[in-house]
Protein chains: 4
Amino acid sequence: MPPSVSVFGAAGFTGALTARLLHRHPTFELCAVTARSDVGRRLDDLYPYHRVPITLEELDLDRHADVDGAVVAYPHGAAAPLVAELRERGVRVVDLSADFRLRDRAVYELWYRDHVAPELLSEAVYGLPERYRAEICQADLVANPGCFPTAALLALAPLARDGLIEDVVIDAKSGVSGAGRSPSERTHFVAVDENVSAYGVPRHRHTPEIEQELAALGADVRVTFTPHLLPLDQGELLSCYVTVAENGDNGVDLDRLYDEFYGSEPFVEITPEPPGVRDVRETNICRLSVHRDVRTGRVIVFAAIDNLWKGAASQAVQNLNLMFGLPESEGIA
Amino acid sequence: MPPSVSVFGAAGFTGALTARLLHRHPTFELCAVTARSDVGRRLDDLYPYHRVPITLEELDLDRHADVDGAVVAYPHGAAAPLVAELRERGVRVVDLSADFRLRDRAVYELWYRDHVAPELLSEAVYGLPERYRAEICQADLVANPGCFPTAALLALAPLARDGLIEDVVIDAKSGVSGAGRSPSERTHFVAVDENVSAYGVPRHRHTPEIEQELAALGADVRVTFTPHLLPLDQGELLSCYVTVAENGDNGVDLDRLYDEFYGSEPFVEITPEPPGVRDVRETNICRLSVHRDVRTGRVIVFAAIDNLWKGAASQAVQNLNLMFGLPESEGIA
Amino acid sequence: MPPSVSVFGAAGFTGALTARLLHRHPTFELCAVTARSDVGRRLDDLYPYHRVPITLEELDLDRHADVDGAVVAYPHGAAAPLVAELRERGVRVVDLSADFRLRDRAVYELWYRDHVAPELLSEAVYGLPERYRAEICQADLVANPGCFPTAALLALAPLARDGLIEDVVIDAKSGVSGAGRSPSERTHFVAVDENVSAYGVPRHRHTPEIEQELAALGADVRVTFTPHLLPLDQGELLSCYVTVAENGDNGVDLDRLYDEFYGSEPFVEITPEPPGVRDVRETNICRLSVHRDVRTGRVIVFAAIDNLWKGAASQAVQNLNLMFGLPESEGIA
Amino acid sequence: MPPSVSVFGAAGFTGALTARLLHRHPTFELCAVTARSDVGRRLDDLYPYHRVPITLEELDLDRHADVDGAVVAYPHGAAAPLVAELRERGVRVVDLSADFRLRDRAVYELWYRDHVAPELLSEAVYGLPERYRAEICQADLVANPGCFPTAALLALAPLARDGLIEDVVIDAKSGVSGAGRSPSERTHFVAVDENVSAYGVPRHRHTPEIEQELAALGADVRVTFTPHLLPLDQGELLSCYVTVAENGDNGVDLDRLYDEFYGSEPFVEITPEPPGVRDVRETNICRLSVHRDVRTGRVIVFAAIDNLWKGAASQAVQNLNLMFGLPESEGIA
């Protein structure tokens, strides 16, 4: 029997893409897609290019939770209670929200809101497979990373593990799909086209998530993180400016460090040229390039991902594959 | 008699725009436009939207240098000998190349090439009116700043003057017109569209120009400067991440500092919200916004300009206005 | 005393641009801008690039109608009662809606809704200056043409007048600003970017307006008109495919016909090459190109305008100039 | 033994994409990729997103023609001699150029140039599988259709077969990738961005190809065909305006006609809403929508394809699949 899955919250960009990936997945059986808006519309009406001929249904746990696995694509705060219900019924969950990413409830509540299911925090595994593969394989609840933290952590992990990060500035450039499907003044074509500007200044909510995971790697730093909105739909480029720790061996061979760290990873590419987001469009790949500025001693790391794929939906499937003992790349390569 | 001017090198983006601004200028009389390619074509054929019904001519100094003022829009290295000839004939020059921006010949030759007219370096004034207005009014040779240095210096000058800059990372986002008119693999629509990537890593040539002028303000720092190419035509956004000097009063009121520093400047706007490049499109305005990240102590300054206007052509006209005793905003407001 | 004007409905794209043009106009004095949303916000907050430092006010006819002229930028149906009030108070009005464009009330009510001020229909002049200049100079109420009809009529008028049109297909390509400022699924960046599709098929409301004015020129035809939405902000290109009337002299010299018809018009350009919308961006110009396909006998006319300028706001100012006896190009050239 | 294939001319957009599709194809074995420029560079250096780790080689027929099948992606005129050599060696060929699309040598020479391998014209099958599936299955030489004819013929075939086309205007909108990879003034980002214009007026070379195939279906008409360049990379939308033949039953049920005509086709979709090119991006699908304008009696058919996929590379693989007896959708669904 193939493992059965439901996608909860499939009307939005990331939920819909997850549904598409699972609909075409060689092993998983996509049983249901639910939504809080657009109930009764078919996914291939909302998103013709996904070609998922399934109708969005109103949430009915008795029917929709009778599955082996679930992906929850609800907004922050709204996800936690649904995840708790699903876990109670024994469903294994990948949650796309921020609700279970921060291990410290106090940090979550400082940056987001009161937590409604704090008892699950200790159970949740942070779903960055390149970092927590073994734990994910055993997990029943995986917190899928934010798109910016995914790219930031893949960019900085080798330096963080080796104690080379004294300080870091992360300048992020994101396509508009990262802002979600709801129409707004900010996502109107005329507001974005021929434009670029920063947002979330100076405290974007992905900051504590990046800091938590850098600290877990040994780099206890406060991060300056600033995203910018660009006139493109999918894609995210992070430019990470690292001040190298004085006790760090500044003569380290960066190319070799990154090659060894990521040598066997199927979804990490390392290139001498700065990557473009087009290089990774509609893939689960993170493309990295590391450079040393000998004039300033600074190390610059660029990371490009597709925010909807590796930054959300395809990474969720990568996590599901691991949780259910399937080949990690199945359905996403 | 109105002052007469010629534009040398008017087939490129910045030269052509300079020609347009001077063609419609209330006081200057545009006498000739020369080019090294496209000789014999009319400017309004090459650039219909500029509506300059003048034919591009091959350089003939006897005719074209018989003017009061000139704008030279030649590539780096090619500009210096023409500027030298024009100066010998007594023509007052605004040069759009990098040839006379760096006061130290050795620095120029390190980043560019051998200098063919070093004797003029001491005569040249750096053409950032907000910084050197008095000198420009007296100058016969003005070196128009690079587009990135223009935005960077306007963003950082108040902090530099007050000794607040310990270190700075400048992450720049530029539209494609900054790469010039020559078709190339890099400027092909398909290469740029739905893409973003860094270039000139880790040593872009605008770096020494920024460092020279920050030093002149009192900030002797090595700058990390990285430009990125974006899918838009005109516009440039700089995100400047400043580590504040420890001896600096970190409690300084940044808004007040910037308001006082730029209080009466006609072409500098200061806003609480991070600016977008669309806000300054086709204007001579630099729009700034300054923020303090209290978590890290860092100061973040955003600066938006139109790279072809304030970053090149309209700033050249601003300089010409000052050199010829005209109202600074004439023809560009 | 300079003539005073108010703009009613200045929060939308066309109203705001009209306010900008009048704010900088050498003669008119912009007294007030009203809005139905965003009351209390300043226009230069909503539209920084327009740089109009005036606050949007709630409609108060006693104050805002105490002017010589008015531009009404209300939606269809909402405009008519306001226009009626303004006319009663003796204010001369340019109306940007469709409410007074169709002379035949029945046609209006077929394509739009019940008309609330039909008594004004006979008074209104259709505000295409290249066609009705003399009437506009005498008018108290001018119905500003729709953007598509403006381009279509300028493209087809010479052929229509000479009885050459047997049949015509108009394929229009429009930037997104034509869809207005309200955020919607259709104007979301992600829906428009890398996309193109037709809308309003097969009955777009601009069709009867085009047919009315072609008939007035002598061409009594049913028009097939189909607009398409393109990934650009401002600009409109019409490709008009004309089957030439059999009794028409198919050997007519088209270039000469167009040159003579538009010889002295300040805002019509005729070019041998098909025009691009970029050629007319942010201008009041319509750029035309006429071609004969000798294989099929068909005549193809291309017309490019900026939908917000010649298609709406700058044409409104052109009309105001004429109504108040000012030079036709004042403030818009 | 899996059938072996080479791609000749793999440095361009369509050749490179063909190489990618064959590199990942479950059955075909991609043996070599040749190029006339960029020899020695790896395809995944030129096109990172295709991820084909194979080096472009200079043509060496003894090595590269020792295969079962070949795709030739050379320019018109250059393809014919290579195709002739390959056929002599017994290689089965799909040719992406126009060299073997027109059955009548005189027509080819009128629109293109002298034909260097006219003896092969009778052997070539026009590679539109939805029309010539049986013939393609038997063919040794398939002329892959042009991108515009592919969409035009799929849009019009049902009407043509039933004798309903009296006259047709085809207005096409194309992304920039259709103009090829060579950098030029026309493909520079700044020339395309925020722009739209017609090209190839009034005689585009795809016209006779459309007419030939419409005639073969019974519709002997002269087509007016005008393509326009849009600011997007991949995608093509055709708006076909059909004047219905007077003897045609104008009351025909168009939806039923199209549904029946294409009922079982795996790569044709019929929708009530006008399609967008985004709906078919990176697919082999043609999405159609048919509408009747009751006011004019005209029938309007919209067709959207991806010009690089169904308009070139994936259709070439579809043809190869048929020629080698594989499932038609293998590697392209």
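Taken together, the values in this text are just the output of simple stated rules run on the coordinates, not laboratory data. Because the structure is predicted, anything quoted here is derived from the model rather than measured. We place every Cβ from the backbone using ideal geometry, glycine too, and count neighbours over all the protein chains shown.
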**Fill in**
Longest principal axis of chain A (C-alpha) makes with the long axis of helix A:147-161 (C-alpha) an angle, in degrees to the nearest 10, of 40 degrees
**Request:** Take the alpha carbon atoms of the range A:227-272, find their center, do the same for the range D:31-73, and report the distance between the two centers in whole angstrom.
**Result:** 31 Å
**Fill in**
Expressed as a whole-number percentage, the relative contact order of chain B with C-alpha contacts under 8 angstrom and at least six residues apart is 17 percent
**Asked** How big is the C-alpha Rg of the range A:184-224 next to the rule-of-thumb value 2.2 N^0.38 Å, as a ratio?
**Response** 1.69
**Request:** Let me have the relative contact order for the range D:9-137, percent, based on Cα pairs under 8 Å that are six or more residues apart.
**Result:** 17 percent
**Request:** Work out the mean other chain Cβ neighbour count within 10 Å for the residues of C:200-207 and drop it here as an integer.
**Result:** 3
**Request:** When a/c is below 1.5 the answer is rounded, else prolate if a/b is larger than b/c, else oblate, so apply that to the range B:183-258 with a ≥ b ≥ c taken from the square roots of the Cα gyration tensor eigenvalues.
**Result:** prolate
**Message:** Can you compute the charge dipole magnitude of the protein assembly as shown about its Cα centre, using +1 on each Lys and Arg Cβ and -1 on each Asp and Glu Cβ, nothing else charged? Give it in debye, rounded to the nearest 20.
**Reply:** 0 debye
**Request:** Taking H placed 1.01 Å from N in the peptide plane, check which residues at least 5 places from residue C:292 or on another chain put their amide H under 5 Å from its amide H.
**Result:** C:300
**Prompt:** Rounded to the nearest 0.05, what FRET efficiency do residue A:88 and residue A:45 have when you use their Cβ-Cβ distance and R0 = 35 Å?
**Reply:** 0.55
**Prompt:** What FRET efficiency would be calculated for the residue pair residue A:104, residue C:186, taking the C-beta separation as r and a Förster radius of 41 Å, to the nearest 0.05?
**Reply:** 0.45
**Message:** Under the convention of a label 7 Å out along Cα→Cβ, give the distances in nm from residue D:294 to the same position in every other copy, shortest first.
**Reply:** 4.4, 6.6, 7.8
**Prompt:** How high is the relative contact order of the range D:75-229, in percent, with contacts defined as C-alpha pairs under 8 Å that are six or more residues apart?
**Reply:** 23 percent
**Fill in**
GNM on chain D, Cα springs under 10 Å; top mean-square fluctuation among D:193, D:259, D:233 goes to D:193
**Request:** Divide the volume of the convex hull of the Cα atoms of the range D:143-212 by its number of residues and quote the answer in cubic angstrom per residue.
**Result:** 116 Å³
**Asked** What does the charge add up to near residue D:34, with Lys and Arg as +1, Asp and Glu as -1, over the other residues with Cβ less than 14 Å from its Cβ?
**Response** -3
**Request:** State the percent of C-alpha pairs, over all pairs in the range D:136-265, separated by a distance greater than 27 angstrom.
**Result:** 29 percent
**Fill in**
Highest GNM mean-square fluctuation among C:72, C:192, C:280, for chain C with Cα springs under 10 Å, belongs to C:192
**Prompt:** Which residues' amide hydrogens lie under 5 Å from the amide hydrogen of residue C:126, considering only partners 5 or more residues apart or on another chain, with H built in the peptide plane?
**Reply:** C:143
**Request:** Give a residue-ordered list of calculated ³J(HN,Hα) values for the range B:116-124 (Karplus: 6.51 cos²θ - 1.76 cosθ + 1.60, θ = phi - 60°; whole Hz; x for Gly, Pro).
**Result:** 9, 9, x, 5, 8, 4, 6, 7, 6
**Fill in**
Charge tally for neighbours of residue A:139 with beta carbon under 9 Å away, counting Lys, Arg as +1 and Asp, Glu as -1, is -2
**Complete:** Per the helix-only model, chain C has a calculated mean residue ellipticity at 222 nm (DSSP H runs of ≥4, -39500 (n - 2.57) each, divided over all residues, rounded to the nearest 500) of -8000 deg cm²/dmol
**the protein assembly as shown: C-alpha gyration tensor shape, a/c 1.5 cut-off, then a/b vs b/c** = rounded
**Prompt:** Roughly how many nanometres apart are two label points built 7 Å out from the Cα toward the Cβ at residue D:36 and residue D:4?
**Reply:** 2.6 nm
**Request:** Would you mind listing the distances between the residue B:266 label point and the same position in each other copy? Use 7 Å along Cα-to-C-beta, nm, one decimal, shortest first.
**Result:** 2.5, 6.4, 6.9
**Asked** chain A: Rg/Rh from Cα coordinates, Kirkwood Rh?
**Response** 0.96
**Fill in**
With the label set 7 Å along Cα→Cβ, residue D:88 is separated from its counterparts in the other copies, in nm and shortest first, by 6.3, 8.0, 9.1
**Complete:** Diffing the range D:82-94: the Karplus 3J(HN,Hα) column from phi (6.51, -1.76, 1.60, θ = phi - 60°), in whole Hz with x for Gly and Pro, holds 5, 4, 4, 4, 5, 5, 4, 7, x, 7, 8, 10, 10
**Per residue convex hull volume, Cα atoms of the range A:1-128, in Å³** = 112 Å³
**Message:** List the lysines whose Cα sits under 18 Å from the Cα of residue D:173, skipping any in the same chain fewer than 8 residues away.
**Reply:** C:173, D:310
**Message:** In whole Hz and in residue order, list the ³J(HN,Hα) couplings for the range C:46-60 that follow from phi through the Karplus curve 6.51 cos²θ - 1.76 cosθ + 1.60, θ = phi - 60°; x for Gly and Pro.
**Reply:** 5, 10, x, 6, 7, 6, 10, x, 10, 8, 6, 10, 6, 4, 9
**Fill in**
Measuring from the longest principal axis of the C-alpha atoms of chain B, the long axis of helix B:129-138 (C-alpha) lies at a number of degrees, nearest 10, equal to 40 degrees
**Prompt:** Closest approach to the A-C rotation axis by any Cβ of A: residue and distance in angstrom?
**Reply:** A:183, 2
**Asked** Tell me, Kirkwood radius of the range C:115-178 from alpha-carbon pair distances, in Å?
**Response** 13.9 Å
**Request:** Between D:37, D:182, D:289, find the one with the highest GNM mean-square fluctuation for chain D; connect C-alpha pairs within less than 10 Å.
**Result:** D:182
**Complete:** For the range A:236-295, the dipole about the Cα centre with charges only on Cβ (Lys and Arg +1, Asp and Glu -1), to the nearest 20 debye, works out at 200 debye
**Item:** Shielding score for A:300-309, defined as the mean number of other chain Cβ atoms within 10 Å
**Value:** 2
**Complete:** Treating every alpha carbon of the range D:60-164 as one equal point scatterer without solvent, the Debye formula yields log10 I(q)/I(0) values at q = 0.11, 0.13, 0.21 Å⁻¹ of -0.35, -0.48, -1.12
**Message:** Place a point 7 Å from Cα of residue C:256 in the direction of its Cβ. Which residues in the range C:276-304 have their backbone N less than 18 Å from it?
**Reply:** C:290-292
**Prompt:** Which value does Rg/Rh take for the range D:1-61 over its C-alpha atoms, Rh per Kirkwood?
**Reply:** 0.94
**Request:** Kindly provide the trypsin sites (Lys or Arg not before Pro) of the range D:37-94 that DSSP labels as loop, not H, G, I, E or B, and whose Cβ sees at most 14 other Cβ atoms within 10 Å.
**Result:** D:41, D:89
